[in-house]
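Read the figures in this text as sums done on the coordinates, not as results from a lab. Keep in mind it's a predicted model, so treat the numbers as computed, not measured. A quick note on method: Cβ atoms are made from the backbone with ideal geometry, for glycine too, and the neighbour counts reach across all protein chains shown.
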Amino acid sequence: MNPLHYIIFHPDYAREQLKVQADAIINGEKRTWKGTIWIDEQRGNEDPYIFNSNWLYSYCHATQIKRNSNGYDSYVMQNSYLFFCNGDSVDKDYLQFDTVFNVAKVTKWLDDCKTVPSEFSIHNKNNKSELWRRHFRFPSLGIHKGKYTYLSKNWSELDDSYSFLPISKEGERVIFSIKELPIELINKIKGKRFGKYPVPLTEEEKNIILELLNKYSEVKVISNIVKQNKV
C-alpha cells in the first residue's frame with residue numbers, strides 16, 4: 001500500500017502568531033533559532049499540537065481523510081504528508097503553509113472514541129496534563145470526536161523526510177502562487193477550495209509541493225519549541 005498525502009485548509013482567524021525559541025534547520029544545519037511561528041489559538045484546541053516531542057494531529061478535517069485502505073491502494077499511514085494551509089489565501093490562488101506534518105504513526109482512540117489512544121493513557125482525563133487540557137480533552141466536551149491521533153515524524157540526520165514549520169526569508173509563513181503547480185493539481189485544488197475540503201495528493205504531487213517548500217523556506221522549525229513573549 002502507498003501512503004496518501006493531503007493539503008488541509010483551516011481558516012486564518014483560528015491561527016495566531018507566537019514568538020518562540022526552537023531547533024531549526026537553516027542552510028542544511030540544525031541550529032537554535034528565535035522567531036515567529038503560526039499555531040492554533042491557544043485559547044482553544046491546538047491541532048496540530050506542536051509542543052509535544054512528537055507533534056499530534058487529531059481533529060481538524062481528520063474525519064475527512066482516509067485512515068484505512070477500504071479496498072483502495074492508498075491511505076494515510078506512516079510517511080504520509082499532511083500540508084496545513086491558510087484557507088483564506090487559497091481563495092486568492094495562493095498556498096500559504098504553517099505546518100508540514102510527516103506521519104510517523106497512526107494511533108486509534110478507544111472505547112467508541114471516548115478514550116485517548118493507549119500510549120497516551122497517562123493523560124486521559126488528567127487535568128494536570130497539558131496534553132489533556134490543550135489537545136485530548138475536547139471530545140469529552142462534545143467539541144470534536146476523537147478517532148485517530150497522528151504522531152509526527154521528527155527530523156533525523158539520516159532521513160530527509162520529517163515534519164517542520166516552513167518560514168520564509170522574510171520571517172513569514174511560506175507562500176507561493178498555485179500557478180507554480182501543474183494544471184492538473186491546480187484544478188484539483190480549485191475543486192476542493194469552495195468547501196475547504198482536504199485535497200488528496202499523489203506521491204508526485206506531494207514531491208512537487210515539497211520542492212517548492214524547500215525552495216522558499218529559509219528556516220524549517222523542527223523541535224524543542226519553547227514559547228517566548230506573545231506577539
Spin-label model distance (nm) - Leu158 vs Leu110, 7 Å beyond Cα toward Cβ: 3.1
Inter-label distance, nm, simple model (7 Å from Cα along the C-beta direction), Asn187/Ile26: 4.4
Linear extension gain, Asp12 paired with Ile143, 0.36 nm per residue minus alpha-carbon span: 45.2 nm
Segment 1-57 shape via C-alpha gyration tensor axes, a/c threshold 1.5: oblate
Sequence-distant residues sharing a close amide H with Thr115 (under 5 Å, placed H): Leu110
Total formal charge among the other residues, if their Cβ is under 13 angstrom from that of Tyr216, Lys/Arg +1 and Asp/Glu -1: -1
Relative contact order for segment 89-231, counting Cα pairs under 8 Å that sit 6 or more residues apart, in percent: 28
Positive minus negative residues near Lys105 (Lys, Arg vs Asp, Glu; Cβ under 14 Å): +2
Label-to-label distance, nm, for residues given as Ser168 and Lys227 (7 Å Cα→Cβ offset): 2.7
Lysines whose Cα lies under 22 Å from that of Lys125, excluding same-chain neighbours fewer than 8 positions away: Lys108, Lys114, Lys145, Lys147
Average projection area in nm² (convex hull over Cα atoms of the chain, one quarter of hull surface): 12.9
Total charge dipole magnitude, segment 134-177, about the Cα centre, Cβ charges on Lys, Arg, Asp, Glu only, Debye to nearest 20: 480
Taking all pairs of distinct alpha-carbon atoms in segment 1-121, Kirkwood radius in angstrom: 16.2
For peptides 20-27, 187-194, 50-57, 153-160, sequence by mean Cβ density within 10 Å, most packed first: 50-57, 20-27, 187-194, 153-160
